[in-house]
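Note sheet for the following structure.
The values are calculated or read from the model by the stated rules, or taken from the named source; none is laboratory data. Keep in mind that this is a model prediction, so the values were computed, not measured. Note: ideal-geometry Cβ built from the backbone for every residue, glycine included; neighbour counts use all protein chains shown.
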Amino acid sequence: MHEIPSETSAALLARQVEQIVLTTPVYDIHTHLYDPAFGELLLWGIDELLVYHYLIAESLRQEPLPYEQFWALSRTQQAELVWDALFVRHSPISEACRGVLTTLQAFGLDVQRRDLPALRRWFAARNRDAHVTQCLELAGVRKVCMTNSPFDELERPVWERGFRRDERFTAALRIDPLLMAWPETAGQLRQWGYDVQPGGLNDRTFSEVRRFLAAWTQRIDAQFLMVSLPPDWVFPGRSATAQLMEWAILPHCREFGLPFALMPGVRRGVNPRLRLAGDGSGLTDLTALRNLCAGFPDNKFLATVLARENQHELAILARKFRNLHIFGCWWFLNVPSLIEEITRMRVELLGLSFTPQHSDARILDQVVYKWKHSRGVIARLLVDKYAELARTGWQPTPAEIQRDVAELFGGAFERFRAA
């Protein structure tokens, strides 16, 4: 019979796992952050934290101010309204509110004082580049993958004139307008010198789209291509989305050896008066993803799905198709209770062959709390799993645990991308 681990050895194992999870550097493979060279596009500071769209939606549930009046306020006034509604007149117990406090505490700031002007003074005195480094160090993030769109009028000129890259920031080529708004995007491509036809998809158009993708893949050194999709997306099909995927996106990804990241489940503009905060989620038919994985075995696919109800089916698809790598608890799923539920299920079905989390951060400071909170959840989960192993007589060594956590924190993604 195998010896049952003593309480002392179980406690030692738990401490080892927790220490390794809390200190292993992570590759944050999906964010909305920018290389510092992009200047004001890299958002940071207390006011940006407070006017994050999660908090705007939450505060306008508490504050009876008409939407139009809220948007007419200055950024500073909006932040003050959110602070008053969620941190002064109510306890900040939601995940988004707690995240702000976790971040401020990590910087050594006194949140007990409830002093917004003092917090603003502290951030105003910060050097941006030093702040970038401190945020990444506090989060334990070794690399950040941005979301980069050549269709963004503010972002594109920075890429076109060139800049000295910060090696901590990698790029992902975001192509939503190409796939989701083809007629309008075709006109834009024609203005840029690509011979595409808005009214008809043919070999010439597909070739020109691939030429466009190749130029931008090389310009930004893209790690993968990515698109967010509505719940009712279909593949294969006669739509421009499906045809462009099949005859332009997938051949391009094969040629360059890049994964194609699909993020389905977004219902845009559920409440348009909330602007960016007004998007919602919906249940996705994952038949389209299955068709892609089965029909194009030489392509690599990354996937994260917005609806909680899709998570089990997504994990089963990953068991069946080794060209599918699932990642993160995206957007509305990025809360501790759902991170634990989803990650536990994935570990039980997939072992270590997935990426459990990404920050999805839009404000630099958010990486601090997103990873602090996620590491805590992942550590508790792994303590349970290694304790279960130990009860079978398989005692994991610290080196093995370190290897496993490094896989979960970016290693599995990097191997998948390089395969």
**Prompt:** Among the residues of segment 337-344, is there at least one that is of a type in the set (A, V, I, L, M, F, W, C), surrounded by fewer than 17 Cβ atoms within 10 Å (Cβ to Cβ) and either under 28 Å from LEU262 (Cβ atoms) or modelled with pLDDT under 95 (or both)?
**Reply:** yes
**Message:** Exactly one condition in (1) within 27 Å of ILE316 (Cβ to Cβ); (2) in contact (Cβ under 8 Å) with a residue 40 or more places away in the chain; (3) surrounded by fewer than 19 Cβ atoms within 10 Å (Cβ to Cβ); (4) of a type outside the set (Ser, Thr, Tyr) is false for LEU276; which is it?
**Reply:** (1)
**Message:** Quick check on segment 316-332. Is at least one of its residues in contact (Cβ under 8 Å) with a residue 40 or more places away in the chain and aliphatic (A, V, I, L, M)?
**Reply:** no
**Message:** Suppose we keep only residues that are assigned to a strand (DSSP E or B) and touching an Asp or Glu at 6+ places or on another chain (Cβ under 6 Å) within segment 136-170. Which one would you say is farthest from HIS373 (Cα to Cα)?
**Reply:** PHE169
**Item:** From the options VAL196, VAL209, residue that is in a loop (DSSP other than H, G, I, E, B), crowded, with 19+ Cβ neighbours inside 10 Å and of a type in the set (Val, Ile, Thr)
**Value:** VAL196
**Request:** Identify, by number, the condition in (1) closer than 26 Å to LYS372 by Cα; (2) in contact (Cβ under 8 Å) with a residue 60 or more places away in the chain; (3) hydrophobic (A, V, I, L, M, F, W, C); (4) not assigned by TED's automatic domain parsing to the domain that holds GLY162 that TRP71 doesn't meet.
**Result:** (1)
**Request:** Say whether the condition of being in the same structural domain as LEU258 (by TED's automatic domain parsing), more than 30 Å from THR23 (Cα to Cα) and without any contact (Cβ under 8 Å) to a residue 12 or more places away in the chain is met by at least one residue in segment 119-141.
**Result:** no
**Request:** Output the qualifying pairs, or none if there are none: Cβ atoms under 9 angstrom, residues six or more apart or on different chains, first residue in segment 227-246 and crowded, with 17+ Cβ neighbours inside 10 Å, second residue basic (Lys, Arg) and outside any helix (DSSP H, G or I).
**Result:** VAL227/ARG174; SER228/ARG174; SER228/ARG268; PRO231/ARG267
**Message:** Scan segment 32-53 and tell me whether some residue there is assigned by TED's automatic domain parsing to the domain that holds ALA222, assigned to a loop (DSSP other than H, G, I, E, B), of a type outside the set (A, V, I, L, M, F, W, C) and surrounded by 20 or more Cβ atoms within 10 Å (Cβ to Cβ).
**Reply:** yes
**Message:** If the requirement is being surrounded by fewer than 17 Cβ atoms within 10 Å (Cβ to Cβ), part of a helix (DSSP H, G or I) and either touching a Cys at 6+ places or on another chain (Cβ under 7 Å) or hydroxyl-bearing (Ser, Thr, Tyr) (or both), which of these qualifies: THR185, THR133?
**Reply:** THR133
**Complete:** A careful count of residues in segment 125-169 that are over 23 Å from GLU48 (Cα atoms) and over 22 Å from the mean Cα position of the chain (by Cα) gives 6
**Prompt:** Any idea which of (1) more than 30 Å from LEU119 (Cβ to Cβ); (2) surrounded by fewer than 18 Cβ atoms within 10 Å (Cβ to Cβ); (3) more than 17 Å from the chain's Cα centre (by Cα) is the one CYS293 doesn't satisfy?
**Reply:** (2)
